[in-house]
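Reading through the structure tokens given below for one structure.
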Amino acid sequence: MTRDGARPRLLYVEDDPTIAGMTVEVLSEVYDVTHLTDGLAARERVLAERFDVLVVDRRLPGLDGVEIVQAMRTARLTTPVLLLTALGAVADRVDGLDSGANDYLVKPFDFEELLARLRALVRGHHAEGRRRHLGDWTFVAESRTLYGDGGERVTLTATEARLVALLSESPEHVFSRDEILRAVFSSDDALSSVDTYVHYIRRKASPEIIETVRGRGYRAGSPS
């Protein structure tokens with residue numbers, strides 16, 4: 001279960017109907033499963049929606065599983081991915097891991113092993129999720145602290161931390177000032193409070209930590 005009591009969302013991409021039928025049945029006992037059979041459709045879905053973990057076959061119509069993982073990592077999505085492969089060569093497994101996949105499993109596989117590997121991936125991702133990134137800075141929510149690549153350490157106020165948490169949770173999303181105001185501030189605060197606190201955070205850390213998107217709002221800065 002996730003923190004809100006809902007079942008974790010899992011995207012399963014497999015075009016073999018026999019394997020997929022059995023696997024979806026097993027996975028659905030634990031996860032809220034979305035099953036797709038096409039690589040292109042899977043890439044679009046994972047870039048548009050939030051999933052807790054992915055199980056992706058290496059060989060797919062439309063787009064290779066490795067290419068799906070590469071697209072996710074390019075978009076700075078850290079969702080854990082288990083790559084399924086029928087390929088026995090070590091080089092093919094290495095390609096999958098080098099693309100950004102977190103683990104791989106060779107077909108045919110045992111369902112108990114699949115579930116165990118997924119549990120480990122989700123646990124590890126939740127632990128890592130407590131450390132988020134904005135540009136060259138790492139944010140630790142529990143301590144409301146930013147750590148710079150050069151060893152800098154910056155402590156944030158509660159409001160500053162809420163703003164950093166919002167931006168770092170969806171680093172590719174451009175948040176309008178209205179969105180930030182609703183999510184971070186009280187109903188009594190003015191829209192100008194958003195700009196003020198962005199300024200505070202930049203002054204404490206660096207100007208590049210939050211990017212201004214002209215005419216739209218703010219988003220997490222990119223690494224230099």
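FYI, it's all coordinate maths here, none of it is from the lab. Treat the numbers as computed from the prediction; the structure is a model and nothing was measured. Note that we place each Cβ from the backbone using ideal geometry, even for glycine, and neighbour counts take in every protein chain shown.
Shape verdict for the stretch 9-128, please, from the Cα gyration tensor: rounded (a/c under 1.5), prolate (a/b greater than b/c) or oblate. Rounded shape, in that the Cα axes give a/c under 1.5.
Label-to-label distance for D189 and L115 is 4.4 nm, based on points extended 7 Å past Cα in the beta-carbon direction.
Under a model in which nothing but the beta-carbon of Lys, Arg (+1) and Asp, Glu (-1) is charged, the stretch 9-128 shows a dipole of about 380 debye around its Cα centre. Take the Cα of L40, step 7 Å toward its Cβ, do the same at T138, and the gap between the two points is 4.0 nm.
Residue by residue, the stretch 201-208 carries 3J(HN,Hα) couplings of 5, 4, 5, 6, 9, 7, x, 7 Hz when phi is fed to the Karplus relation 6.51 cos²θ - 1.76 cosθ + 1.60 (θ = phi - 60°); x denotes Gly or Pro.
Relative to the longest principal axis of the C-alpha atoms of the chain, give the angle of the C-alpha long axis of helix 158-169, reported between 0 and 90° and rounded to the nearest 10°. The angle comes out near 30 degrees. Net charge dipole, the chain: roughly 860 debye, given to the nearest 20, about the Cα centre with Cβ charges of +1 for Lys and Arg and -1 for Asp and Glu. Between D178 and R123, the modelled labels are 4.4 nm apart [label points 7 Å from Cα along Cα→Cβ].
For the pair D98 and S28, a Förster radius of 35 Å applied to the C-beta separation gives a FRET efficiency near 0.65, rounded to the nearest 0.05.
Charged side chains reduced to their Cβ positions (Lys and Arg at +1, Asp and Glu at -1) give the stretch 131-220 a dipole of some 60 debye around its Cα centre.
Across the options G221, L60, A158, the greatest Cα extent toward the positive end of the charge dipole of the chain (unit charges at beta carbon of Lys, Arg, Asp, Glu) belongs to A158.
Overall, the anisotropy analysis places the stretch 131-220 in the prolate class: the square-rooted eigenvalues a ≥ b ≥ c of its C-alpha gyration tensor yield a/c not less than 1.5, with a/b exceeding b/c.
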